[in-house]
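Report on one structure; see the data block that follows.
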Amino acid sequence: MIGVTVLGATGSIGVSTLDVLRRHPERYRVAALTANRDVDGLFAQCREFHPGYAVMADPAAARALETKLKAAGLPTRALAGPAGLEQVAALGEADFVMAAIVGAAGLLPALAAVRAGKRVLLANKEALVLSGGLFMAEAQQHGARILPIDSEHNAVFQCMPPSLADGLDQAGVRRILLTASGGPFRQKTLDQLADVTPDQACAHPNWAMGRKISVDSATMMNKGLEVIEACWLFQARPEQIGVVVHPQSVIHSMVEYVDGSVLAQLGQPDMRTPIAHALGWPERTESGVRPLDLFEVARLDFEPPDLTRFPCLELAYRAIEAGGSAPAVLNAANEVAVEAFLEQRLPFLRIAQIIEETLNRVAPMAIDDLEQTLEADRVARETAHQALARRD
Ligand code: NAD
Ligand code: MG
């Protein structure tokens with residue numbers, strides 16, 4: 001039996017992960033589940049999966065969960081806060097850890113899993129944007145295998161040769177082509193983008209996701225974060241990564257080789273495919289995803305991204321090229337701006353402006369350790385909040 005901890009179990013990725021695990025009770029056992037403050041959601045999952053531990057990031061929620069677990073006579077132990085999250089990420093009973101907390105809050109638990117040498121199924125792309133160099137170095141040092149869950153990176157992983165130990169050039173890889181759906185506003189004009197609402201931004205045409213990543217998809221910052229994520233996962237230079245808008249989201253990404261071959265991974269836009277792939281790897285396992293019907297798809301379209309309407313993508317390239325703390329600053333400013341947009345305190349088009357202003361104000365620094373990373377994150381959040389206050 002393989003023990004699995006699911007960090008962020010009540011979220012979109014967490015729920016899809018449990019759906020795949022549910023199909024293979026003979027192979028996987030849930031070691032621990034975590035959530036922020038959705039007590040009822042986590043309790044229901046505990047009742048079904050009987051994990052050894054359940055962690056609520058919020059201490060009051062943890063107490064409420066503990067009461068419910070006891071009343072129901074369930075064996076699950078309730079833990080609280082960041083220490084609880086890190087504890088279950090490094091748990092002896094957990095062989096695999098699904099890192100599916102959203103945002104920078106997911107970094108420390110994911111890092112704890114890496115340091116414990118787990119197989120880390122990485123959905124939390126912000127962890128890599130924030131601290132890719134450190135994260136990958138720790139994985140190497142502790143023998144942790146990182147398997148990408150982001151559908152694009154999972155597709156790229158599937159299209160890559162078995163070993164990238166000597167780098168992309170040695171492997172004959174010329175470029176990585178990340179596909180992007182273009183999000184819900186692909187066809188909107190700049191004028192129309194001025195007054196779009198959070199609910200419109202969260203109504204993604206192809207994928208059902210959490211609200212933060214949905215807004216990222218609408219601004220195309222999601223693709224920017226994914227460019228940075230791909231640089232770290234595949235040791236790629238930013239100029240080796242291209243972005244192709246592909247509205248059907250059937251090709252999940254591609255790898256172009258020096259001989260002209262382009263390998264693509266296709267499938268339904270359903271996260272259970274990359275999740276099942278990473279759980280089963282190097283074998284294949286059932287995911288519950290409907291087979292792809294190419295006649296139903298009928299056609300595949302491609303277009304270049306429009307950086308005038310979606311400047312976030314360019315800001316992300318700028319940050320990874322600047323290096324050091326710049327991607328951490330980009331990520332923090334984005335989290336602050338997206339939260340303000342979701343709370344209807346910031347118009348959609350201002351998201352990119354807040355991020356650009358923060359990048360301009362916080363000079364990039366070299367990052368050597370976790371403390372410097374967290375400090376860059378903190379300074380950038382403060383600066384982004386100041387930028388927000390100036391505009392309010
Ligand atoms: P979500 O908002 O649906 O779920 C987030 C989960 O994290 C929830 O379980 C929540 O309780 C928990 N959480 C939130 N804040 C927390 C905090 N401060 N401390 C501890 N736990 C906290 O998000 P999601 O869509 O499932 O995305 C999760 C991650 O996966 C994100 O990094 C996202 O970019 C990435 N991702 C998601 C998808 C998708 O289809 N949803 C696809 C690719 C990548
Ligand atoms: Mg993605």
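The values are calculated or read from the model by the stated rules, or taken from the named source; none is laboratory data. Quick caveat, the model's predicted, so the values are computed rather than measured. Note: ideal-geometry Cβ built from the backbone for every residue, glycine included; neighbour counts use all protein chains shown. Surface accessibility is based on the protein's heavy atoms, side chains included, excluding ligands, DNA and RNA. Shrake-Rupley method; radii C 1.70, N 1.55, O 1.52, S 1.80 Å.
Farthest toward the positive end of the dipole of segment 323-392, out of V362, A380, L342, is the Cα of L342, where the dipole comes from beta carbon charges about the Cα centre. What you get for the chain, charging only the Cβ of Lys and Arg (+1) and of Asp and Glu (-1), is a dipole of about 840 debye around the Cα centre.
Multiplying the residue separation of A72 and L164 by 0.36 nm and subtracting their alpha-carbon distance yields 28.2 nm. Put a dot 7 Å past the Cα of A389, heading toward its Cβ, do the same for V262, and the two dots end up 4.9 nm apart.
Note on segment 2-148: percent of Cα-Cα distances in each 5 Å bin, starting at 0 and stopping at the bin with the largest distance, equals 2, 11, 22, 24, 20, 12, 6, 2, 0, 0. For segment 323-392, the pair-distance distribution built from all alpha carbon pairs, in bins 10 Å wide starting at 0, is 24, 52, 20, 4 percent. The H142 and V244 beta-carbon pair, evaluated with R₀ = 41 Å, returns a calculated FRET efficiency of approximately 0.70. Per residue, the convex hull spanned by the alpha carbons of segment 260-388 comes to 211 Å³. Think of a 1.4 Å ball rolled over the protein heavy atoms: segment 241-381 then has 47 Å² of accessible area per residue. Atom-type composition of the exposed protein surface of the chain places 51 percent of the accessible area on carbon and sulfur (1.4 angstrom probe).
Within the chain, the selection of entire DSSP H helices by a Cα span of 20 Å or greater along the long axis and an average Kyte-Doolittle value of at least -1.0 returns 125-142, 326-342, 370-391. For the chain, the alpha carbon positions stretch 57, 52, 43 Å along the principal axes, listed from largest to smallest. For segment 217-300, which trypsin sites (Lys or Arg not before Pro) are in a loop by DSSP, counting at most 13 other Cβ atoms within 10 Å? Those that pass, being in a loop and sparsely packed, are R284, R299. Here the gap between Q344 and V297, fully extended at 0.36 nm per residue and compared with their Cα-Cα distance, gives a gain of 13.3 nm.
In terms of accessible area, using a 1.4 Å probe and ignoring ligands and nucleic acids, S12, S249 rank largest first as S12, S249.
Between R174 and E256, Y257, V258, the built amide H atoms are under 5 Å apart, and every one of these is 5 or more places off in sequence or on another chain. For segment 2-148, the dipole from Cβ point charges (+1 on Lys and Arg, -1 on Asp and Glu) about the Cα centre works out to 220 debye, to the nearest 20.
Quick one: if the Förster radius is 51 Å, what FRET efficiency do Q353 and R27 give, using the C-beta to C-beta distance and rounding to 0.05? Result of the calculation: an efficiency of 0.55. Expressed as a whole percent, the proportion of Cα-Cα pairs in segment 131-277 lying more than 26 Å apart is 28%.
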